[in-house]
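Accompanying notes for the structure given below.
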Amino acid sequence: MKAVVPSVPVLLSRSSSKGERLRNEKIDYGFQASSSIGRAAVSKTAGWGFDSLLACQIGVQEEVLDKLKLTAAALIVVAAVAVFYVFGGSSALLRTGLVIVSVIVGAGVAFTSEPGRNAWQFAVGTRAEVRKVVWPSRRETIQSTMVVIALVILIGLYLWLLDMLSLWTVYDLILGIKG
């Protein structure tokens, strides 16, 4: 008699590496193998964003695809740089334009991957935080700069005096050498 492994239809929400749900998308992976043998879920965490005991191969295809996208983006840029040097006798403007366009295309390809989307979200968040910064006025900047310059001069004089004092102590008092 052949053992039959039960399959259950699964509707999962995709989550990021930090465990937070992404746009509350539901992804239908069809039928997946389950660790449960025909029993109902008894976990108190079922449906609350915790990983189930399903087969581990769900996100592997997306990871491989992301790696391929990042590799393709890098190859696009490397190929453009190689063309830049191989065709050294051609117009510098044309070669530079080719490199710029390839960097833009490579970035576009890279931004379609999960790490690329994360980098874009980081850049957007950084820009939002920079907009929240209260920048000093011109007068405050000049005053702060003058305070820094004055303190550098004072600390420099203090260190010079300590150096002269230690030099006098060692050579004149301890060693008895008059300079």
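Every number in this text was worked out from the coordinates using simple rules, so none of it is lab data. Remember, predicted model here, so these are calculated numbers, not experimental data. Cβ sites come from the backbone with ideal geometry, for glycine too, and all protein chains shown count toward neighbours.
The simple spin-label model puts a point 7 Å past each Cα toward its Cβ; for Val81 and Glu62 those points are separated by 3.1 nm. Distance from the C-alpha centroid of segment 100-121 to that of segment 135-179: 50 Å, rounded to the whole angstrom.
The ranking of Val109, Val148, Val134, Val83 from fewest to most other beta carbons within 10 Å of each one's beta carbon is Val134, Val148, Val83, Val109. Of the residues Val81, Gly97, Gly116, the one whose Cα sits farthest toward the positive end of the charge dipole of segment 62-132, with +1 on the Cβ of Lys and Arg and -1 on the Cβ of Asp and Glu, is Gly97.
Among Lys67, Lys178, which comes first, then next, by fewest other beta-carbon atoms within 10 Å? Don't skip to the answer; put the middle values down first.
Numbers: Lys67 12, Lys178 6.
Ranked by crowding around the Cβ, least crowded first: Lys178, Lys67.
Ranked by how many other Cβ atoms sit within 10 Å of their own Cβ, fewest first, the residues Trp160, Trp120 fall in the order Trp160, Trp120.
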